[in-house]
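Student: First the structure, which I've put down as structure tokens, then a few questions once you've had a look.
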Amino acid sequence: QVHLVEAGGGLVQPGGSLRLSCAASTIIYGTYIMGWYRQAPGKERERVSTIVTGGATTYADSVKGRFTISRDNAKNTVDLQMNNLKPEATAVYYCLLMKGPQTYWGQGTQVTVSS
């Protein structure tokens, strides 16, 4: 069983920045995907960004150019740098790890963008 622990959420003003971090509880070998999803009140969970072991990334159109995902394969961690945050980014952000048929989720961290 893999546990994912997130950190870095909080309250920020529009235009501000936050950095989310996620660490897996165990060392994972091979190829796997890590990433971030988010769920705003009353909405479905949506993909924000993913990164595979080799470094290829995906971003939701709404965050391209403002968010940057990175990972440390040796430490099994993934970070999400979020710049120029907008109020619509307010949501609970979940860390994700996918290896083969297994999918693991973190407990979520709240991000609130408000003045």
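The values are calculated or read from the model by the stated rules, or taken from the named source; none is laboratory data. It should be emphasised that the depicted structure is a prediction, and the values quoted were computed from it without experimental measurement. Methodologically, a virtual Cβ is constructed for each residue, glycine included, from the backbone with ideal geometry; neighbour enumeration extends over all protein chains shown. Heads up: the accessible areas ignore ligands, DNA and RNA and are worked out on the full protein's heavy atoms, side chains in. Shrake-Rupley method; radii C 1.70, N 1.55, O 1.52, S 1.80 Å.
Student: Taking K and R as +1 and D and E as -1, what net charge do the other residues with C-beta under 15 Å from the C-beta of Val78 add up to?
Tutor: Neighbour charge sum, excluding Val78 itself: +3.
Student: Anyone know which of Ser21, Ser49, Ser62 comes out most mobile in the 10 Å Cα GNM of the chain?
Tutor: Taking springs between Cα atoms under 10 Å, the residue moving most is Ser62.
Student: At 1.4 Å probe size, with no ligands or nucleic acids counted, give the accessible surface of Thr57 in Å², nearest ten.
Tutor: 60
Student: Just for the chain, what percent of DSSP beta bridges are antiparallel, to the closest 5? The partial results should precede the final answer.
Tutor: Details: 39 of 42 bridges.
Taking every DSSP beta bridge with both residues in the chain, the antiparallel ones total about 95 percent.
Student: How large is the accessible surface of Lys43 in square angstrom, using a 1.4 angstrom probe and rounding to the nearest 10?
Tutor: Spelled out: Lys43, probe radius 1.4 Å, area about 140 Å².
Student: At 1.4 Å probe size, with no ligands or nucleic acids counted, give the accessible surface of Glu88 in Å², nearest ten.
Tutor: Taking all protein chains as shown, Glu88 has close to 130 Å².
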